[in-house]
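Everything on this sheet refers to the single structure shown next.
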Amino acid sequence: MSKVRCAHCGCRFIPNPRIKNQRYCGSIQCQRARKASWQRRKLAADPDYQADKKEGQRDWQIRNPGYWQSWRLRHPEYVERNRMLQQKRRRRHVAKMDALRQLLETKTGSYYILPEHEGMVAKMDASTLKVRLILSG
Ligand SMILES: [Zn+2]
């Protein structure tokens with residue numbers, strides 16, 4: 001029997017002849033990784049599965065009121081990190097919307113022009129935006 005390389009840990013293992021196209025070894029971590037991968041793909045592809053999961057989570061939340069509130073109290077470092085990331089996302093969003101507004105205001109003729117090296121860019125904090133010319137229509 002020839003060995004196969006595990007898709008998670010990379011070890012070489014002898015696949016179970018009863019499992020067709022076995023890609024993961026039998027270790028508990030690799031089996032968890034296999035299941036997680038399956039669930040990610042299933043969630044992305046199957047709206048019914050997605051709806052069932054959502055409903056299950058809602059039911060669980062009803063049976064366990066206050067769970068997340070007490071979890072956050074027990075993990076203040078997570079709460080702080082999440083708050084920071086959320087503020088960062090909010091700032092980035094505001095910057096993007098400002099840049100978009102500027103882009104629309106500077107529309108000239110059949111082009112949208114966004115200068116890259118002028119004071120306007122600094123004001124917009126749009127270093128990630130690299131738009132120069134966009135054809136309209
Ligand atoms: Zn493995």
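Looking only at the stretch 22-53, which residues are under 24 Å from the mean Cα position of the chain (by Cα) and assigned to a loop (DSSP other than H, G, I, E, B)?
46 - this is the single residue of the stretch 22-53 that is under 24 Å from the mean Cα position of the chain (by Cα) and assigned to a loop (DSSP other than H, G, I, E, B).
Tell me whether the stretch 52-74 contains one or more residues that are touching a Phe, Trp or Tyr at 6+ places or on another chain (Cβ under 7 Å), at pLDDT below 95 and not hydroxyl-bearing (Ser, Thr, Tyr). Scanning the stretch 52-74 turns up no residue that is touching a Phe, Trp or Tyr at 6+ places or on another chain (Cβ under 7 Å), at pLDDT below 95 and not hydroxyl-bearing (Ser, Thr, Tyr). Taking the stretch 21-64 as the range and being more than 30 Å from residue 2 (Cβ to Cβ) and of a type in the set (Val, Ile, Thr) as the test, only 62 passes. Only a single criterion out of (1) out of contact with any strand residue (DSSP E or B) (no Cβ under 9 Å at 6 or more places or on another chain); (2) within 16 Å of the ligand (Cβ to nearest atom); (3) at pLDDT 95 or above is not satisfied by residue 6, namely (1). When the stretch 54-111 is filtered for residues that are surrounded by 10 or more Cβ atoms within 10 Å (Cβ to Cβ) and part of a loop (DSSP other than H, G, I, E, B), the ones remaining, listed by number, are 64, 75, 106, 110. Checking each residue in the stretch 26-61 for being away from the ligand (no atom under 16 Å from the Cβ) and either of a type in the set (D, E, K, R) or in contact (Cβ under 8 Å) with a residue 24 or more places away in the chain (or both) picks out 40, 41, 42, 46, 48, 52, 53, 54, 55, 58, 59. For residue 18, the conditions (1) of a type in the set (Lys, Arg); (2) surrounded by 10 or more Cβ atoms within 10 Å (Cβ to Cβ); (3) within 30 Å of residue 1 (Cα to Cα) all hold with the exception of (2).
The values are calculated or read from the model by the stated rules, or taken from the named source; none is laboratory data. These figures come from a predicted structure and were not determined experimentally. With ideal geometry, Cβ positions are generated from the backbone for all residues, glycine too; neighbour counts draw on all protein chains shown.
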